[in-house]
1. By how many nm would the segment from Glu33 to Glu13 lengthen if fully extended, with 0.36 nm per residue of separation less the alpha-carbon distance?
2. What is the chain's relative contact order, in percent, from Cα pairs under 8 angstrom and six or more apart in sequence?
3. On average, how much accessible surface per residue is there in the chain, in Å², for a 1.4 Å probe, leaving out ligands, DNA and RNA?
4. If you put +1 on each Lys and Arg Cβ and -1 on each Asp and Glu Cβ, how big is the dipole of the chain around its Cα centre, in Debye rounded to 20?
5. On average, how much area does the Cα convex hull of the chain cover when viewed from any direction, in nm²?
6. Tell me, what is the 1.4 Å probe accessible area of His61, in Å² to the nearest 10?
7. First compute the accessible area of the chain with a 1.4 Å probe, then give the percent of it belonging to carbon and sulfur atoms.
8. On a 0 to 90 degree scale, rounded to 10, what angle separates helix 142-157 from the longest Cα axis of the chain?
Amino acid sequence: MEGALVLRVMEAEPQGTCTGVDALIEQQEELFEATGYSYESFIAGAFTVPGAGGDWTLVLHFDGGVAMQTRFLEALSAGGRAVVHSSNGGKPIHLFHWYEDGKLRTSFEGPTARNGSTPDALNSVMREVGFNLSDDAGYTGVYVEKALVLALAERLTGVRVTEELLHDAEYQLGHVPDEPAEE
């Protein structure tokens with residue numbers, strides 16, 4: 001799915017393009033300043049990268065904890081796959097979500113507390129990339145946890161996220177507005 005379509009599924013208002021992650025961060029900072037540092041909406045940047053089975057769309061956003069909404073992931077993975085890594089900038093939280101055909105297959109914050117329709121489906125791959133799945137596994141540190149989650153995402157997509165990739169990308173930008181109030 002190309003970047004513009006992904007942003008449409010995310011109900012983003014088109015905001016043009018920018019080159020490089022620094023420019024994307026600038027766009028987010030401008031939104032924060034304009035909204036009094038409200039974290040209710042965010043700027044998402046999307047670009048196409050080659051990966052396993054063809055092209056993938058990588059979406060990057062710095063949202064202050066809003067994260068990718070479940071309904072977007074269900075729609076984006078319909079007939080395919082969506083893999084998400086998100087982290088909270090304040091606490092060392094590294095969330096992982098794998099959706100296939102509109103369904104959450106595996107999700108976790110800590111690798112030993114997995115959920116989803118097939119929580120153990122990735123266990124062998126998780127061990128291969130270095131996760132310790134034993135019940136007595138301790139916290140390995142913020143950078144190790146981030147590296148392991150990114151390695152798992154790479155195994156599922158064939159996309160290696162590097163500093164160069166993010167720095168050189170031409171991002172299609174979209175403003176993802178506040179979520180509608182729940183009734």
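1. 5.4 nm
2. Details: 312 pairs, mean separation 57.9, N = 183.
Relative contact order comes out at 32 percent.
3. Details: 10090 Å² over 183 residues.
Counting only protein heavy atoms, the per-residue value for the chain is 55 Å².
4. Numbers: 11 positive and 29 negative charges, 159 e Å.
Once rounded to the nearest 20, the dipole reads 760 debye.
5. On the way: hull surface 44.1 nm².
Quarter of the Cα hull surface area: 11.0 nm².
6. Its accessible surface works out to 40 Å², give or take rounding.
7. The nonpolar share, carbon plus sulfur, comes to 50 percent.
8. Value to nearest ten degrees: 90.
The values are calculated or read from the model by the stated rules, or taken from the named source; none is laboratory data. Since the model is a prediction, treat every value here as computed from it, not as a measurement. Glycine gets a Cβ as well: all are built from the backbone with ideal geometry, and neighbour counts include every protein chain shown. We work out accessible area using only protein heavy atoms, side chains counted, and drop any ligands, DNA or RNA first. Shrake-Rupley method; radii C 1.70, N 1.55, O 1.52, S 1.80 Å.
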